[in-house]
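**Q** Structure provided below as structure tokens; questions to follow.
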Amino acid sequence: MASGQQHDRATWLLALPFGLIWGPWLGLAGITAGTLAFLIGGLWLSPDLDTRSNPSRRWGPLRLLWWPYRGLLRHRSLLSHSPVLGSAGRLVYLASLITALSGLLHPWGAPSPVQLGHSLQVLWQEQRSLCLAVLIGVEASAWLHLIQDGDPMPRLPRLLRPKRRRTPR
């Protein structure tokens, strides 16, 4: 299992090469989106947000937003350290917080949750390729983390594992 510094170093090292992959199709915008998404995914939206870690500390005072997430999930659980499911869960959790905050602040001029949803829908329709580069960048950085930890597929919870029959000796 890699240390936090090793995860960070690998993320910084591979972010630009990952972004360059998007250049032939999306140009400079794709390179920028892919690189930044890989960095954000590895440094701020890491699978290690389920512990007190460097990614948690990077959120500064906003790290308290991740306290419920950390309390709900065991470290390296299926929901935090799984390919696709882990990143999707963190993005949905963050989107839920932003939606709730938007609803609370709407009376004071913040966009409503409906307006945010509409804006995301328009962004997806008009910039689908860049949105995909961003989502894949976040997921690719999570894969890098999982591979460095040596566990791209975490173990199933005990309740879901097949029961082994003991053979008599």
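The values are calculated or read from the model by the stated rules, or taken from the named source; none is laboratory data. This is a predicted model, so every value here is computed, not measured. Here the Cβ positions follow ideal geometry from the backbone for every residue, glycine too, while neighbour counts run over all protein chains shown.
**Q** Output the number of residues of segment 32-63 satisfying the condition of being at pLDDT 95 or above and more than 11 Å from the chain's Cα centre (by Cα).
**A** Result for segment 32-63: 5.
**Q** Only residues in segment 72-83 that are in contact (Cβ under 8 Å) with a residue 60 or more places away in the chain count as the first member; pair them with residues that are crowded, with 19+ Cβ neighbours inside 10 Å and acidic (D, E), Cβ under 6 angstrom, at least 6 apart or cross-chain, and list the lot.
**A** none
**Q** One residue is enough: does segment 80-87 have a residue meeting the conditions modelled with pLDDT under 95, surrounded by 16 or more Cβ atoms within 10 Å (Cβ to Cβ), in a helix (DSSP H, G or I) and out of contact with any His (no Cβ under 6 Å at 6 or more places or on another chain)?
**A** Checking segment 80-87: at least one residue is modelled with pLDDT under 95, surrounded by 16 or more Cβ atoms within 10 Å (Cβ to Cβ), in a helix (DSSP H, G or I) and out of contact with any His (no Cβ under 6 Å at 6 or more places or on another chain).
**Q** Further question: Is one or more of the residues making up segment 39-60 surrounded by 13 or more Cβ atoms within 10 Å (Cβ to Cβ), touching a His at 6+ places or on another chain (Cβ under 6 Å), part of a helix (DSSP H, G or I) and on the phi < 0 side of the Ramachandran plot?
**A** Taking every residue of segment 39-60 in turn, at least one turns out to be surrounded by 13 or more Cβ atoms within 10 Å (Cβ to Cβ), touching a His at 6+ places or on another chain (Cβ under 6 Å), part of a helix (DSSP H, G or I) and on the phi < 0 side of the Ramachandran plot.
**Q** Taking segment 108-132 as the search range and keeping residues that are free of Cβ contacts under 8 Å to residues at least 60 places away in the same chain and among the small types (G, A, S), which one is surrounded by the fewest Cβ atoms within 10 Å (Cβ to Cβ)?
**A** G109
**Q** While we're on this one: May I ask you to verify whether R9 is more than 22 Å from S77 (Cα to Cα), of a type in the set (D, E, K, R) and in a helix (DSSP H, G or I)? Spell out how you get there, then give the answer.
**A** Details: more than 22 Å from S77 (Cα to Cα): yes; of a type in the set (D, E, K, R): yes; in a helix (DSSP H, G or I): yes.
Criteria met by R9.
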